[in-house]
Structure formats: structure tokens, C-alpha cells
Amino acid sequence: MNIKRNTILVFCFLSIIFLFSACSDETEPAGNIDFGYEYFPLAVGKYRVYVSDSIVLRSAGTIRDTLKSYIREEIIEQNISAEGDTMYYVNVYFKRKVDDDWKYQKTVFVTKSVQKVTRQEDNLLFTKMVFPLKAGLRFNHNQYFDSQIDIVIGGEVMRAMYDGWNTRVETINKDLLFEGNKVKNVKIRLVDDVSTSLEKKVYYETYIQNIGLYSKTMIFLQDNNTGTEPIEERAVKGFYHNLTLLEHN
């Protein structure tokens with residue numbers, strides 16, 4: 001059945017997501033390729049803690065809920081999939097304040113092969129990263145589901161939020177100051193910046209070598225009508241979301 005529109009409920013602040021599939025026909029001798037696997041390291045027992053800052057529009061944009069929280073992801077198990085790839089089980093925990101106890105939220109599934117990393121979360125399968133990494137590489141982040149699906153956020157329906165994405169590796173092997181040291185990072189822009197009279201889309205993620213996801217920035221805003229004011233002032237639904245790494249092992 002070809003369902004053009006579905007509605008999927010997700011957390012207003014969103015957690016951590018996304019994943020897979022390459023679009024490059026270029027080949028090189030295997031011995032000369034730097035695949036970039038170290039930007040997405042996975043091993044049982046590894047964890048990362050993030051601070052999450054979000055603003056969610058409610059009641060047709062008349063209310064803006066601000067939420068600061070903390071998210072912990074820990075790899076608890078691994079198995080080999082039917083295709084021979086390694087699947088990791090990742091427990092996600094949440095708390096509102098730094099001194100609160102962690103509360104289990106859900107388990108997500110991350111699969112890593114020689115070509116890609118995928119992440120299954122909230123019944124959606126995303127493309128997280130493809131190999132070999134190189135600047136300008138484009139891939140289909142939303143390949144495994146209908147990009148026309150609607151998402152309910154803050155009680156408002158976001159129409160086709162996943163439509164029209166043009167995911168690409170923007171920069172790679174650039175220096176970033178982290179924990180007092182210069183480290184290499186890769187920046188993936190999941191959707192080209194869009195700002196029209198009806199919507200605004202911004203989404204990019206940064207990964208650190210030998211650590212993984214370092215930060216995420218998301219802005220998705222929509223209005224039902226056109227207008228002359230900036231979309232940031234007129235939006236009746238949507239959210240702002242920033243995620244930054246605090247702790248890891």
C-alpha cells in the first residue's frame with residue numbers, strides 16, 4: 001500500500017537520531033582510501049552524555065516552551081544481523097536537571113557496515129553516515145520511509161518535515177577545540193538551509209574523531225499562510241533544538 005501521508009508522534013525535544021546510503025560512483029584503490037570509520041566509533045560499554053536545549057512552539061505559536069534537559073546514550077549489546085553487519089543496542093536515558101536520576105526512555109538500534117551507519121528510532125530508519133567520508137559526498141538520509149509523512153510536535157502537525165532534504169558531508173578533517181585539545185571533526189548538513197514565507201529548515205551535525213556525535217543544531221518552523229514578517233516571527237508550529245556533548249568514555 002502506498003501511503004502518502006502518515007502521522008507519527010515524536011518527543012517535542014526530539015532525541016538523537018538518523019542514518020544511511022551513498023551516492024558516489026568514484027572508486028579508488030582500497031589501500032589509498034581513508035574511510036573515516038573513526039568518526040562513528042561503536043563498542044559495547046561506550047556512553048555519551050549530552051545537554052539538550054529546545055524551544056517548542058505550541059497553541060498556534062502563541063506559546064513557546066523552553067526545555068533544558070540531559071540525554072545519555074549507552075551501548076549495551078551487539079549482535080550480527082542477517083546481512084552480516086554489526087547491530088548495536090543503545091539505551092537512551094533522560095533527565096530534566098543535572099542532579100536528577102536517569103530515567104530510561106527507549107532503546108534504539110544502530111547498524112554499522114563497511115559502507116554505512118543506520119539508526120532505527122521511533123519506527124523510522126535513518127541514514128547517519130556513509131563511507132568513505134569525503135567533503136561534498138551526498139546521500140539519502142530519509143531513504144527508508146515516505147518523506148511526505150507528517151510529524152506531530154507540540155500538538156501541531158508539521159507537514160512533510162522530512163521532504164526535500166539534500167544531505168551532504170560539508171567539511172571533513174577540520175580542527176575543533178574540545179576538552180582543551182584540537183581534534184578532527186566532520187560536519188554533515190542534513191538539509192540545505194531553507195527560509196521561505198512558509199517554512200524554515202536548518203539541520204546539521206558535527207562528529208569528532210574517535211568520539212562520535214559532538215553537536216546537533218535543528219530549526220524547523222512552519223506557518224500556514226504567507227506574510228511579510230520573518231518566518232521566525234510568524235511561525236505557528238515547529239521547534240529549535242541544540243544538542244552538545246558533555247561527557248563520554
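No lab work stands behind these numbers, since they all come straight from the coordinates. Quick caveat: nothing in here was measured; it's all calculated off a predicted structure. Backbone-built Cβ (ideal geometry, glycine too); neighbour counts: all protein chains shown.
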(message) Quick check: pseudo-label points 7 Å beyond the Cα along Cα→Cβ at Asp192 and Ser69, how many nm apart are they?
(response) 3.3
(request) Would you order Met158, Met87 from fewest to most other beta-carbon atoms within 10 Å of each residue's own beta-carbon? (result) Met87, Met158
(message) I'd like to know which of Gly238, Thr107, Ala60 lies farthest towards the positive end of the charge dipole of the chain, counting +1 on Cβ of Lys and Arg and -1 on Cβ of Asp and Glu.
(response) Ala60
(message) Cut-off is 10 Å between beta-carbons; in what order do Glu205, Glu232 appear when sorted fewest neighbours first?
(response) Glu232, Glu205
(request) Pull up the cross-link candidates among the lysines for Lys95, meaning alpha carbon to alpha carbon under 23 Å and not fewer than 8 places away within one chain. (result) Lys46, Lys68, Lys103, Lys106, Lys216
(message) I need the peptides 74-86, 206-218 ranked by packing, meaning the mean over residues of other C-beta atoms within 10 angstrom, with the highest value on top.
(response) 206-218, 74-86
(message) 5 Å is the cut-off here: which amide hydrogens, built 1.01 Å from N in the peptide plane, fall below it relative to Lys46, excluding neighbours closer than 5 in sequence?
(response) Ile75
(message) Quick one: 3J(HN,Hα) in Hz for region 166-177, Karplus 6.51/-1.76/1.60 with θ = phi - 60°, rounded, Gly and Pro as x.
(response) 9, 5, 7, 7, 7, 9, 8, 6, 8, 7, 9, 7
(message) From the phi angles alone, apply the Karplus equation (6.51, -1.76, 1.60; θ = phi - 60°) to region 237-249 and give each ³J(HN,Hα) in whole Hz, x where the residue is Gly or Pro.
(response) 7, x, 7, 10, 8, 10, 10, 9, 5, 10, 8, 7, 10
(message) Test of understanding: ordering Trp165, Trp102 by Cβ neighbours within 10 Å, fewest first, what list do you get?
(response) Trp102, Trp165
(request) Using Cα pairs closer than 8 Å and at least 6 residues apart in sequence, work out the relative contact order for the chain, in percent. (result) 23
(message) Show me the GluC sites (Glu not before Pro) within region 117-182 that DSSP assigns to loop and that have at most 12 other Cβ atoms within 10 Å of their Cβ.
(response) Glu179
(message) Is there a quick way to get the dipole size of the chain? I mean about its Cα centre, with the Cβ of Lys and Arg at +1 and of Asp and Glu at -1; what is the value in debye to the nearest 20?
(response) 260
(request) Give me the aspartates and glutamates in straight-line cross-link reach of Lys187: C-alpha distance below 17 Å, same-chain residues under 8 apart excluded. (result) Asp34, Glu38, Glu170, Asp175, Glu205
(request) Rounded to the nearest 500, what is the 222 nm mean residue ellipticity of the chain from helices alone, with -39500 (n - 2.57) per DSSP H run of 4+ residues and division by all residues? (result) 0 deg cm²/dmol
(request) Would you mind putting 171-178, 185-192 in packing order, based on average other-beta-carbon counts within 10 Å, highest first? (result) 185-192, 171-178
(request) Mind ranking 49-61, 88-100, 129-141 by how tightly packed they are, going by the mean number of other C-beta atoms within 10 angstrom, highest first? (result) 129-141, 49-61, 88-100
(message) Give the separation of the Cα centroids, region 192-244 to region 102-116, in Å.
(response) 24
